[in-house]
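K.L.:
Here's a structure for you.
Rule-based calculations on the coordinates, nothing more; no lab input. Fair warning: this is a prediction, and the values are worked out from it, not measured in the lab. Glycine also receives a Cβ, built like all others from the backbone with ideal geometry; neighbour counts cover every protein chain displayed.
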Amino acid sequence: MNKFIKEYFNYSQREKRGILILLIIILLAFVFPKVHHEFKKQELWDYTEFETQIDKFIAEQVEIKKKPNSEAKIKGELFFFDPNTLDKIGFLQLGFSKKQTNTIINYRKAGGVFKKPGDFKKVYGISEKMHKIIQPYVRIKDINPKKKYEEKSLAQEIARESYDDYIEKVKENIIFKEVEINSADSLLLTTVRGIGPVFAKRIINYRNYLGGFHSLVQLKEVFGIDDSVYNGIAENLIVDTAFIRKIDLNNAEFKAINKHPYISYAQTKSIFKYRDIMGEFSSLNNLIENNLIDTLTYYKVKPYLVLIKN
């Protein structure tokens with residue numbers, strides 16, 4: 001220390017000022033943070049809103065636990081359906097949980113049949129409120145016992161009669177006001193005036209290729225059915241979209257998507273590239289928002305797509 005003091009007095013006046021300023025700066029560097037902390041005004045945070053949100057969330061979870069097997073409302077896309085024929089993907093698209101869907105499927109496998117919309121109440125896990133929402137969309141195919149008997153009797157005679165004679169007898173004895181295009185077999189289709197065996201076969205082949213018709217106008221896409229043929233047969237046909245075979249855009253394989261006639265190979269590649277990057281689709285609108293398919297194709301193929309979140 002004495003040596004430093006001696007050396008200090010040997011410095012020039014300018015050097016002494018420099019050393020003094022440096023010492024002052026060092027001192028301030030140590031002292032200022034402590035002094036600033038003492039005089040700094042403590043900032044108070046208001047957690048009231050955050051705590052309110054937490055309380056609301058906890059209350060909702062408690063309410064859900066009270067009703068583990070029911071849902072307050074349907075969160076899916078409502079459409080007309082037959083509970084005796086709708087597949088698993090269809091129930092999931094309607095908004096049923098996987099547990100509820102499996103219950104319905106197992107009920108049918110055990111021989112259970114829904115004879116009227118009110119029978120849906122029998123299914124365990126479907127609440128009264130949920131049933132009221134879904135009931136207006138239930139369409140159970142009504143089978144007339146007399147018609148069934150007549151069809152069975154005629155079917156027994158087919159072994160003794162030619163195909164053409166059999167068809168004529170069907171037309172004479174059974175009057176079909178409307179034929180459902182997605183469930184009818186070739187024999188039933190030929191009972192519609194204007195549809196012969198050739199057209200019936202083409203319609204079924206194209207129906208299988210599409211996954212089902214969502215509009216009668218699609219019949220014009222069948223080879224040989226022009227406007228004049230279509231106008232003659234359309235009035236005796238109806239479409240039940242519950243029979244449409246859906247493609248799960250998040251889980252379907254490349255081949256399953258590319259196989260659909262409305263989706264090209266290039267569009268399928270774009271869809272899978274998006275899945276590789278994003279993981280899955282959050283909405284069907286992602287297809288046009290990201291230019292994966294054009295708008296025209298989107299509206300044509302939309303009825304055949306469904307999203308099941310992983």
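K.L.:
For the residue pair E253 and I308, what label-to-label distance in nm results when each label sits 7 Å from Cα along the Cα-to-beta-carbon direction?
P.N.:
The two pseudo-label positions are separated by 1.5 nm.
K.L.:
Length gain on complete extension for the stretch I133 to S183, per 0.36 nm per residue less the alpha carbon to alpha carbon distance? Each step should come with its number before you reach the end.
P.N.:
Numbers: separation 50, 0.36 × 50 = 18.00 nm, distance 2.62 nm.
Length difference between fully extended and current span is 15.4 nm.
K.L.:
Apply the Karplus parameterisation 6.51 cos²θ - 1.76 cosθ + 1.60, with θ equal to phi minus 60°, to every residue of region 88-104 and state each ³J(HN,Hα) to the nearest whole Hz, in sequence, with x for glycine and proline.
P.N.:
Karplus values, whole Hz, x for Gly and Pro: 4, 4, x, 5, 5, 5, 5, x, 6, 6, 4, 5, 5, 4, 5, 4, 5.
K.L.:
Turning to a different aspect of this structure: Within region 229-308, report the GluC sites (Glu not before Pro) that DSSP leaves as loop and that have at most 16 other Cβ atoms within 10 Å.
P.N.:
Working: sites: E235, E253, E280, E289; in loops: E253, E280.
Hits after loop and neighbour filter: E253, E280.
K.L.:
Can you sort L307, L287 so the residue with the fewest Cβ neighbours within 10 Å comes first? Mind showing how you got there, number by number?
P.N.:
Numbers: L307 17, L287 24.
Final ranking by Cβ density, sparse to dense: L307, L287.
K.L.:
Right, another one. Mind giving me the FRET efficiency for S97 and L284? R0 is 35 Å, r the Cβ-Cβ distance, nearest 0.05 is fine.
P.N.:
Working: r = 21 Å, r/R0 = 0.59.
E between S97 and L284, to the nearest 0.05, is 0.95.
K.L.:
Please rank D185, D240, fewest neighbouring Cβ atoms within 10 Å first, as an exposure proxy.
P.N.:
Exposure proxy ranking, most exposed first: D185, D240.
K.L.:
Here's a follow-up. Report, by chain and number, residues whose modeled amide H sits under 5 Å from the one on I238, excluding near sequence neighbours (fewer than 5 apart, same chain).
P.N.:
Residues meeting the amide H criterion: V179, E180, I181.
K.L.:
Quick one: plug the Kirkwood hydrodynamic radius of region 200-289 (C-alpha pairs) into Stokes-Einstein at 37 °C, 0.692 mPa s, and report D in µm²/s. Please list the in-between numbers first.
P.N.:
Details: Rh = 15.0 Å.
Translational D for this selection: 218 µm²/s.
K.L.:
Given the convex hull over the Cα atoms of region 247-306, what projected area results after averaging over all orientations, in nm²? Mind showing how you got there, number by number?
P.N.:
On the way: hull surface 13.8 nm².
Mean projected area of the Cα convex hull: 3.5 nm².
K.L.:
To make sure I understand, if each residue's beta carbon is the centre and we count other beta carbons within 10 Å, what order do I104, I181 fall in, fewest to most?
P.N.:
On the way: I104 22, I181 25.
So the residues, fewest neighbours to most, are I104, I181.
K.L.:
Can you tell me how much longer the chain between L22 and N291 gets when fully stretched, taken as 0.36 nm per residue apart minus their C-alpha distance, in nm with one decimal? Kindly include the intermediate steps, with their values, before the conclusion.
P.N.:
Values: separation 269, 0.36 × 269 = 96.84 nm, distance 6.51 nm.
Gain on extension, L22 to N291, equals 90.3 nm.
K.L.:
Which trypsin sites (Lys or Arg not before Pro) does region 255-310 hold that lie in a coil by DSSP with at most 14 other beta carbons within 10 Å? Each step should come with its number before you reach the end.
P.N.:
Values: sites: K255, K259, K269, K273, R275, K300, K309; in loops: K259, K309.
Those satisfying the criteria are K259, K309.
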